[in-house]
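The values are calculated or read from the model by the stated rules, or taken from the named source; none is laboratory data. The structure presented is a predicted model; accordingly, all values stated were derived computationally and were not measured. A quick note on method: Cβ atoms are made from the backbone with ideal geometry, for glycine too, and the neighbour counts reach across all protein chains shown. In case anyone asks, the SASA skips ligands and DNA or RNA and just uses the protein heavy atoms, side chains included. Shrake-Rupley method; radii C 1.70, N 1.55, O 1.52, S 1.80 Å.
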Amino acid sequence: MQTADLANKECGKIWLRKPTPAAHDGVMVNIVHSATAYHSKMIRFLHVTFDSTGDNVLAGDHQGNIYVFNLTRNRFDLVQRTMQACTALAFNLRRKTEYLVALADHSIKCFDTDTKELVSWMRGHESAVSSISVHGSGRYALTTSNDTAQLWDLDTFQRKRKLNVRQSVGIQKVFFLPLSNTILSCFKDDSIFAWENDTLNCKYQLPTPEEGSRLHYKSFAVSRDGRVLVAGGKSSLLHVWCLDTRKLLRMIQMPIKVRTVRQLEFLPDSFDGGSNQVLGVISQDGIMRFINIQTCKLIFDIGSHDEGITTSSVSPNGRYIVSVMDNGSLNIYSVQALTHEVNKPPLPLVKVIKDFTKDKNSVDQSGVTKISMTSTKAQRPWKSKESNVQTRVLKPVLNSALEDKENELPDGLNKKRLLDLLLGFGEYPAKYRMFIWRSLLQLPENHVAFSNLIDKGTHGAFLHIHEEYPIKSMKLLRVLQRTLSALAHWSAIFSETRYLPLLTFPFVKLFQNNQLICFEVVATVIVNWCQHWFDYFPNPPINILSMVENVLVHHDKELLRHFENRGITSQIYVWPLLETLFSEVLTREEWLKLFDNAFSNHPSFFLMAAAAYVICSRAPLLQCNQRDDFEYFFHHRNTLDVNTIIKEAYHLMEATPADIHPKHLLEDFIPLTKGQYPIFNKYPKFIVDFQNQERQRIRQEELEYLRERQLAHEMEAEAQKRKAEDEAWYQEQNLLQEAENQRRKILLEEERKVIEQRQRLTSAKRDLRLKELELLDRARRRFLNHQQNQRKMELRRLDDEIERKSCFLTFPNPSSS
């Protein structure tokens, strides 16, 4: 193990020492970030994450520096200074050079590693973001804090949805499930809900554990196929959930030293079909233990009490583990070194026959001989002149350095030894078959190139594949559609190849949980085992069929003469086997055994297998006379033993003369190129272009017809609409006229009533006038009477005055007397 210092000196230089091969503890390199001024100070790393390829690591420290480490080129680069500590990182966006950083100010920023510029700034959280989950397409991101989870659109960097919960409950983590549009939300009360990403409708809820068995979940991990969820918390127990059945599969008891689970990470394997088996568990003691969740066995561990692990990230390709240590440094581990014993190529299992005459313990009371199995050394029975059977240990023959180099395969396998193993047992062990196939085919695992093909979407030629091939499993249909679309985007010929679904389907069914491997296996088969198939496109490959026919002429003239007499060509007895890759005539196990041998030999072996199938079927074929019988025979399963076919194929490989041997007409195996897939243009381009043009013309005519039909429908609908509107208008006019007549009647009636009321009012006014005149007359009379009475009373008063005065004048004057 070596140590790499990132020294931020006054001159600004930083350097990284080239890592040495992994030590016994698996550590490839230890990265320490130190700032040298007056006093040496270590700058602590906080978070790390891998990109989608697994070759680049993004790391952030507590000062806000963001570094990118390229593990294949042994280079690193300071890509950003955020000036504040990061709380979460994500480096698997759709645009491969962009990454997300959650900062201490509760915001999320998107930067570009190439331009080192700010792409977007997202705000909305009121507390620190603890995790960032990116959708498999790279278009959406989920950010989680204690009080809320928010869904972001990474194309527009706008918030789409926000999940709020009661403060008493709290959110533990919200993340996307792989290979689906499902969001899993985990709360602090151990409740787990699944939501649909598009509609955010609740799909289901996992049963909440009983109060006594609650673990107070803190960490979660999901297998790559999205079927298994493992949860852990404040306990030494782990809950393993099956998301298909939504039931608790098992509870795993960790060692006694484990009291709290701080982090869970699955260790990917390219050949486990996405159903990851190895789980890494970081506990409170700083040790990351890797266990098998099926066998519950401890495989290996990293970290120690002295050098504890804070957090870790596992590369998507399963090659590296990057851990943030307690002291703030980074340890990069080689998974191959840690799992050296596990990753050893499987040693052949050979039945060792013991001589029961000498070993009395090998025979039980019933007289049955016991056969023991051993896996320590490859052994093969050898005949000797003696009566007893002995065993001999096979040792590899020392060949030249050039031959060894040609036979060397990835992952430490040797092609010649694998072929010896195959010849001894007839097939590879089912447990290691996918591992061996990957090595034999030398798959490059171009994640980025494959993602670019998938991002192009469903090809127009396979939009309605469900109508031609109705498959019950929707998942299998989607994988088939995606694989065919990726092949069509890779090369235009495959959008016109009618038998491509038949050729692809066996591998789709076998690798339905790993679409990358499925695509690369099919592409490798097409490039190598389907050589010259498209030279006479769209017709069957006459040149290839002629090769098989020549082999048949040499080894079984009678059968070929029978075919000729009945008018049966190689397009009937060979082409159905080739275009379906024998999937129609063999069972699953027989097909796997055949392709174990096909992948281990020259591509011409596949043609020899087709000839061997015909030769081994000569007895029933000689009895057939009708064309329908021949067609039925080569499209349905028969009673042939696949071991006999394989044995005959090897015989044909050796006994066929060189001038007609397909081996001299076909090229040797060439693996797919790493990084980008090779150009596939071995077909008559003018025919494909013509067919594309014709297809485009027909499509344009169909679109024009559909447009005209749509226009006619729209015109007819418009006419119907106008007719309905006219009828409604006339009906409305009739109703208005009736309403008008009704209103006229009402007005006439009202006018009549008004006239009557006026007449009554006039009569009443006349009566009132008469009464008024009468009252005025009465008042006038009363006034006249009152005036007359007043005058009478005035006259009477005057009379009284006159009488009084007259009396006064009549008395005599006393003085005169």
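Side notes on the structure shown:
- A 1.4 Å probe, protein heavy atoms only, puts the accessible area of I43 near 0 Å².
- Over the stretch 169-296, relative contact order from alpha-carbon pairs under 8 Å, at least 6 apart, %: 15 percent
- A simple packing score, the average count of other Cβ atoms within 10 Å per residue, orders the peptides 607-616, 196-205, 624-633, 301-310 as 607-616, 301-310, 624-633, 196-205, with the highest score first.
- Contact order for the stretch 482-550, expressed relative to its length and based on alpha carbon pairs under 8 Å spaced 6+ residues apart, stands at 21 percent.
- Normalised alpha carbon radius of gyration of the stretch 453-561 [divisor 2.2 N^0.38 Å]: 1.25
- Per-residue HN-Hα couplings for the stretch 58-75 [Karplus 6.51, -1.76, 1.60; θ = phi - 60°; Hz; x = Gly/Pro]: 9, 10, x, 10, 6, 8, x, 7, 10, 10, 10, 10, 9, 6, 7, 8, 6, 9
- Violating pairs (Cα-Cα greater than 29 angstrom) within the set K431/K509; K218/K509; K96/K682; K416/K593; K41/K116: K218/K509; K96/K682
- The distance between label points at E750 and R695 comes to 7.6 nm (points 7 Å beyond Cα on the Cα→Cβ vector).
- Gained length - K234 relative to E708, 0.36 nm times residue gap less alpha-carbon distance: 163.9 nm
- Whole-angstrom Cα spans of the stretch 169-296 along principal axes, big to small: 44, 39, 23
- Accessible heavy-atom area order of M28, M715, M83, highest first, probe of 1.4 Å: M83, M715, M28
- Between A739 and T245, the simple spin-label model (points 7 angstrom out along Cα→Cβ) gives 6.9 nm.
- Sequence-separation-based contact order of the stretch 455-522, relative, with Cα cut under 8 Å and 6+ spacing, percent: 32 percent
- Beyond 24 Å, the tail of the calculated P(r) for the stretch 540-666 holds 20 percent of the Cα pairs.
- Peptide packing: for 589-599, 450-460, 155-165, the average count of neighbouring Cβ atoms within 10 Å per residue gives the ranking 589-599, 450-460, 155-165, highest mean first.
- Listed peptides 505-517, 111-123 by packing density, highest first (mean Cβ within 10 Å): 505-517, 111-123
- Spin-label zone in the stretch 77-113 - amide nitrogen under 15 Å from a point set 7 Å from the Cα of K162 along the C-beta vector: 106-108
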